[in-house]
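Single-structure report; data block below.
Computed from the coordinates by the stated procedures, all read-outs in this text should not be read as laboratory data. For clarity, every value in this text was computed on a predicted model and none was experimentally measured. Here Cβ is always computed from backbone atoms with ideal geometry, including for glycine, and neighbour counts include all displayed protein chains.
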Amino acid sequence: MARIAVVGSGIVGLATAARLAERGDEVVVLDKETSLASHQTGRNSGVVHSGIYYAPGSHKALMSRAGAESILRFAADHGIPAERTGKLIVATRPDQTPQLQKLAARAEANGIDAQVLSPEQAREHEPHVAAVAALHVGSTGIIDYPAVCRRLAEIVREHGGEVRLGTRVLSSRTVQGSVHVETDAGTVVVDGLVACAGLYSDTLARASGLDVDVRIVPFRGEYFELVPEREHLVQGLIYPVPDPRFPFLGVHLTRSVGGGVHAGPNAVLALAREGYTRSAVVPGELAESLRWPGLWRLGARNLVPGAREVARSFSRRLFAASLAELVPAVRRQDLVPAPAGVRAQALRRDGTLVDDFLVERTDRQVHVLNAPSPAATASLEIARYVVDELDAVMAR
């Protein structure tokens with residue numbers, strides 16, 4: 001039995017901690033927040049992704065496909081609200097159909113069941129949708145991810161582990177076969193460490209001695225909700241055909257397990273790593289983003305779609321107009337603000353986004369550096385992979 005520290009009480013950290021605890025390791029979870037799943041996990045739209053968008057053979061593709069099954073099975077086993085709804089990816093103009101066909105081909109390459117539908121067939125699933133064609137993906141669903149986190153934390157505790165909230169991890173270093181984890185409450189000495197620090201994953205990795213040539217650049221995703229009397233416009237999940245020039249999926253409509261319909265998110269640069277509002281600014285973090293050459297190169301390649309995202313951030317009318325391309329009955333007055341999220345996206349120096357999950361290793365430490373969506377879907381699979389990586393670095 002080893003003593004392992006896990007940094008982060010989001011779903012990836014807790015899934016990893018639960019897996020370690022269940023096999024008999026002594027686990028301590030450390031998180032600076034006073035509640036579980038305070039950031040990416042607790043602020044997403046609760047979608048169980050199929051893996052259709054991701055490169056065949058990538059971790060995202062393989063782990064999403066497996067995770068769509070394992071996370072829903074976990075929910076069923078533990079009484080957590082979840083539903084396999086399926087989703088429609090909707091082409092609203094004829095010029096979008098080639099990209100829709102490419103997604104259908106990618107679905108086949110990834111072993112995902114998806115059917116191209118006519119407009120009439122699409123309206124059988126979503127009566128209010130506007131489509132010249134659509135792709136139906138049956139394995140997509142919805143789930144209560146914070147409830148999953150609460151149950152994972154219970155599993156850690158049931159197996160003798162500890163979830164220590166309100167404890168900020170500052171750095172770590174490996175010393176003579178153990179890892180000294182420096183926190184704002186003192187030093188924790190363990191046999192191994194897994195860092196799932198989300199928005200601060202690169203910062204912690206560098207503070208722990210890793211040579212990390214990516215930066216987390218935070219992108220805020222702003223959401224609305226449909227007013228209750230308009231929720232009938234959406235039966236399940238409705239997504240646009242993604243713009244291949246832009247590295248995000250576009251605003252979409254998703255029904256939640258707890259009731260209600262989420263609308264969004266857009267994607268704009270956040271001015272702080274936890275910048276959930278336009279007024280949230282941390283000058284040092286903003287300066288760090290602006291100093292990273294990859295941000296400027298990404299922006300230069302995405303001037304038009306990026307400007308469109310910023311304009312939509314300041315205009316509910318434009319936000320509603322984007323949604324109305326999918327469901328024409330959606331109006332500006334149908335939208336009420338909902339909490340925003342921030343995507344912890346790793347960006348390379350050359351301006352390319354890290355497309356896949358990224359894990360780096362050092363002596364007795366494993367750092368998860370890039371785990372944005374669909375990491376919640378794939379969390380149990382990521383945990384399996386991370387534990388194997390930890391075993392490997394501890395066996396050296």
Residues with amide H under 5 Å of residue 167's amide H, sequence separation 5 or more or different chain, H placed in the peptide plane at 1.01 Å from N; which?
31, 32, 33
Provide the per-residue ³J(HN,Hα) series for the range 360-372, in order, calculated from phi with Karplus coefficients 6.51, -1.76, 1.60 and θ = phi - 60°, each as a whole number of Hz, with x at glycine and proline positions.
10, 10, 9, 4, 6, 9, 10, 10, 8, 9, 9, 8, x
Which three extents, in whole angstrom, do the alpha-carbon atoms of the range 98-241 cover along their principal axes, largest first?
66, 36, 30
Determine Rg/Rh for the range 332-373; Rg is computed over alpha-carbon atoms and Rh is the Kirkwood hydrodynamic estimate from the same atoms.
1.23
Convex hull volume per residue for the range 83-129, taking Cα atoms only, in Å³:
77 Å³
Relative contact order [Cα under 8 Å, 6+ residues apart], the range 194-263, whole percent
25 percent
All aspartates and glutamates inside 18 Å of residue 32 as judged from Cα atoms, apart from same-chain residues fewer than 8 positions distant
162, 182, 184, 202, 274, 285
Rounded to two decimals, the Debye log10 I(q)/I(0) of the chain (Cα scatterers, no solvent) at q = 0.07, 0.08, 0.10, 0.13 Å⁻¹ is -0.31, -0.41, -0.65, -1.09
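Starting from the Kirkwood Rh over alpha-carbon pairs, what translational D in µm² s⁻¹ does the range 99-164 have by Stokes-Einstein at 20 °C and 1.002 mPa s?
Stokes-Einstein gives a translational diffusion coefficient of 142 µm²/s.
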Taking the range 1-49, the equivalent ellipsoid from its C-alpha gyration tensor has semi-axes in Å, biggest first, of 23, 13, 6
What does the C-alpha gyration tensor say about the overall shape of the range 44-145? Classify as rounded when a/c is under 1.5, otherwise prolate if a/b is larger than b/c, or oblate.
oblate
Could you give P(r) for the range 323-396, binned at 5 Å from zero, as whole percent values over all Cα-Cα pairs?
3, 12, 16, 14, 13, 12, 10, 7, 5, 4, 3, 1, 0
What is the order of 125, 39, 78, fewest Cβ neighbours within 10 Å to most?
78, 125, 39
Where nothing but the Cβ of Lys and Arg (+1) and of Asp and Glu (-1) is charged, how large is the charge dipole of the range 267-360 around its Cα centre, in debye to the nearest 20?
440 debye
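As a footprinting exposure proxy, order 252, 232 by other Cβ within 10 Å, with the fewest listed first.
Ascending number of Cβ neighbours within 10 Å: 232, 252.
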Largest-first principal axis extents of the Cα set of the range 274-380 (Å):
56, 35, 26
Relative to the first principal axis of the alpha-carbon coordinates of the chain, what is the inclination of helix 316-326, with its axis defined by its Cα atoms, in degrees from 0 to 90 and to the nearest 10?
70 degrees
Fluctuation leader among 60, 32, 87 - the chain, Gaussian network, Cα springs under 10 angstrom
32
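Find, to one decimal place in angstroms, the Kirkwood hydrodynamic radius of the range 36-97, where the mean of 1/r is taken over every pair of different Cα atoms and then inverted.
Hydrodynamic radius (Kirkwood, Cα pairs) of the range 36-97 is 13.8 Å.
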Using packing as a proxy for protection, rank 40-48, 190-198, 8-16 so that the peptide with the highest average count of other Cβ atoms within 10 Å comes first.
8-16, 190-198, 40-48
Using a Gaussian network model on the chain with a 10 Å cutoff between Cα atoms, which of 120, 288, 229 fluctuates the most?
229
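Report the net charge of residues surrounding residue 190, where surrounding means a beta-carbon distance below 15 angstrom and charges are Lys +1, Arg +1, Asp -1, Glu -1.
-3
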Could you grab the relative contact order for the range 27-127? Cα pairs under 8 Å, six or more apart, rounded to a whole percent.
27 percent
Out of residues 5 or more away from residue 270 or on other chains, whose amide H comes under 5 Å of its own, with H placed 1.01 Å from N in the peptide plane?
219, 220
Going from the alpha-carbon gyration tensor of the range 300-356, what semi-axes, largest first and in whole Å, does one get by taking the root of 5 times each eigenvalue?
28, 14, 11
Where does the range 209-328 land on the Kirkwood hydrodynamic radius, alpha-carbon pairs, in angstrom?
15.9 Å
Tell me the relative contact order for the chain as a rounded percent, counting alpha carbon contacts under 8 Å between residues six or more apart.
23 percent
